[in-house]
Structures are given as C-alpha cells and as structure tokens.
Amino acid sequence: MEQLAQQLVNGLAWGSIYALIALGYTMVYGVLRLINFAHGDVYMVGAMCAFYFAHWLGFAAAPSLPGFVIVMLLAMLACALLGALIERVAYRPLRRQPRAAMLTTAIGVSMLLEYGGQLVFGPDPKFFPQLIESQSVVAVGAVVTNIDVLVIVMSLSLMVGLRWLVMRTRVGMALRAVSFNYDTAGLMGINVNTIITVTFMLGSALAAAAGSMVALRNPKIDPLMGMMPGIKAFVAAVLGGIGNFPGAVAGGLLMGVTETLVSAYISSTYRDAVAFIILIAVLMVKPTGLFGSTHVEKV
C-alpha cells in the first residue's frame, strides 16, 4: 500500500508537469485552432534558461528555495518573450492562410529550436545545480521527496492562478472572446493581435516553469529533452479535450499517474508507449476527449 501511495505521488508530480505543458497546447488551440508543435521545445529552452540564470546569479553556489523561485520566474519571463517572438514572426503572417501552412511552420519552428539549441547551448547534456537539497518526507503514508511535493504544490498554484486570470480578469474575458471568434472580437474593440500574443506568452511561461521544475527534479538536461514530454503533453491535451482548460489538467494528471504505474508494476520499457496507446484509444472511442464537445463547422 505504501509503495502504491509513493508511486501515486510520483505520478502526480509528473502529471502536474504534463498538465502545465498541456495548458499551453490547449490555450493556443482554443484561440487559433493550431497545434503548436514547438511548445515542447519552449519547455526545453525554459530548463536551459533556468540553468544559466542559476549560475549567472550565483544561486548554484548558495542553494535555497527563494533562489529557485527567482530562477524559475526569470526563465518564465524569458520564454514568455520567446513565445511572443514565435507568434509574431512565425504564425501571425500565416493566420489567414490554410491551417496546413501554420502546422508545417510549427514543425519547422520546433526543429529550429531543437537544432538551434544544440548550436547555442551545445549538444552535450548539462547538469542542473541542486538549488534545493533533496530530503525525504512522509506524505499520505509514503516516503517521498520534498522536491516532488514542491513540484505538485507549485504546479497546482500556477494552474489556479491561470484559471483565475482567464475567468476573473478583463484580459481573460478578452481571451475567451477571441477564442470564441476572433473576427467578431475584433469588431467589438478587442485588440486580437495583442490577446493572441498574450496567449502564447502565458503558455510559454507555463512551459518554462515545467522545464525548471523538471530540471530541479531530474538534473540532466539537453537540447532534445522537450521532444517526448511535448508529445505526452499533447496527448494529455487530446485526452482531456483539446481546447478545454480542466481537460488539459485532468489529462496531464492521468497521463503522469498511468505511465508511473505502468513503469512500476509492468515494465519501464513501456513507459513512453503509454502515451501513444492512450492517444489511439481516445481517437477510436471518443475523438473529442474526456471533456471535449462536438462542434459543427460550415465548409
């Protein structure tokens, strides 16, 4: 029983990471009907930025929780600016073009970040400094690390904060209006370009937070680290219902718990295969996802 509880906490930690990344996918899709395949690589850039900020600011030599929070916030800011740049340069000029053009561009941006990352950061793996000393704590009857608890708490806090922003602020109201129909929102006086840019910035900041926490939890980082988590987060978004906020969170948590249990009780060989099995099953049984709904489009 204790082993099961321990695996569940581990799964919730990974699921929280997937949920943060999945929220970026679902927000962009909700506004532009675009699958931003570069999003997983923004997560990688976030981890790399956190690595360099930790060394430049001297927190690598003086580990502390406030130091990690500062590093993570700076990485979120850097990736928010990167997200705005990607939207402005790569996607905005193609907004009125067929969706296949934007999809192809998204794949190109993803490859640019991956191989550009190898050029800028170097192809060799880097080891993230231990900004918080790992300690074992007893939670829900299992021995888990304080870092797992920190990841879960910080991820849930960011999700709640994003939910409040979307549902309780004027920016969130504008974002929901643009998501419904950005042509009509423009006629109502909403600056559509600004809102779409803000959407990319928010999603990219969440991905950077996820990258920073994964780097703290699993210190080995490299320019290709975003490929598999990006795919799994996309599957989580599809599982919950792409474009649906609670669905992305539920899909991410379910993905993390499922793959952790499979790895612990069946075989770690099948850990990465779980995402694809879930994707196939969802598309066969309920293509709209757990929380998704069917929309009729006129063509």
Practice item. Would you tally the residues in region 212-266 being in a helix (DSSP H, G or I) and either aliphatic (A, V, I, L, M) or touching a strand residue (DSSP E or B) at 6+ places or on another chain (Cβ under 8 Å) (or both)? Key: 23
Practice item. Please find, within region 198-212, the residue that is surrounded by the most Cβ atoms within 10 Å (Cβ to Cβ) out of those that are hydrophobic (A, V, I, L, M, F, W, C) and over 11 Å from the mean Cα position of the chain (by Cα). Key: PHE200
Check your understanding: Just a yes or no: is a residue in region 231-252 surrounded by fewer than 24 Cβ atoms within 10 Å (Cβ to Cβ) and closer than 21 Å to MET76 by Cα?
Key -> yes
Check your understanding: Counting just the residues of region 168-181 that are out of contact with any helix residue (DSSP H, G or I) (no Cβ under 8 Å at 6 or more places or on another chain) and part of a helix (DSSP H, G or I), which one comes out farthest from ASN193 (Cα to Cα)?
Key -> ARG168
Check your understanding: Could you list, in sequence order, the residues of region 85-111 that are in a loop (DSSP other than H, G, I, E, B) and touching a helix residue (DSSP H, G or I) at 6+ places or on another chain (Cβ under 7 Å)?
Key -> none
Check your understanding: Within region 16-27, is there a residue that is over 20 Å from PRO246 (Cβ atoms) and either modelled with pLDDT of 95 or more or in contact with a Pro (Cβ under 7 Å, 6 or more places away or on another chain) (or both)?
Key -> no
Review point. Only one residue in ILE190, ILE195, ILE147, ILE152 is part of a loop (DSSP other than H, G, I, E, B) and surrounded by 13 or more Cβ atoms within 10 Å (Cβ to Cβ), so which one is that?
Key: ILE190
Check your understanding: Which numbered condition trips up ALA215, out of (1) crowded, with 24+ Cβ neighbours inside 10 Å; (2) farther than 24 Å from VAL69 by Cβ; (3) more than 13 Å from the chain's Cα centre (by Cα)?
Key -> (2)
Review point. Scanning region 102-144 for residues that are at pLDDT below 90 and among the small types (Gly, Ala, Ser), which turns out nearest to VAL71 (Cα to Cα)?
Key: SER134
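Please enumerate the residues belonging to region 211-225 that are over 14 Å from PRO123 (Cα atoms) and touching a Phe, Trp or Tyr at 6+ places or on another chain (Cβ under 6 Å).
Result: GLY211, ALA215, PRO219.
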Check your understanding: Inside region 19-65, can you point out the residues that are over 18 Å from ILE86 (Cα atoms) and aromatic (Phe, Trp, Tyr)?
Key -> PHE51, TYR52, PHE53, TRP56, PHE59
Revision key, fill the gap. Checked region 65-84 for anything buried (at least 23 other Cβ atoms within 10 Å of the Cβ) and either in contact with a Gly (Cβ under 8 Å, 6 or more places away or on another chain) or not in a helix (DSSP H, G or I) (or both); matches are ALA75, MET76, CYS79, GLY83
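On the given criteria, is PRO125 touching a helix residue (DSSP H, G or I) at 6+ places or on another chain (Cβ under 9 Å), of a type outside the set (A, V, I, L, M) and touching a residue at least 12 places away in the same chain (Cβ under 8 Å)?
Taking the combined requirement at face value, the residue does not satisfy it.
The values are calculated or read from the model by the stated rules, or taken from the named source; none is laboratory data. Just so it is clear, the structure is predicted and the values come from calculations on it, not from any experiment. Don't worry about glycine lacking a Cβ; one is built from the backbone with ideal geometry, like all the others, and counts go over all protein chains shown.
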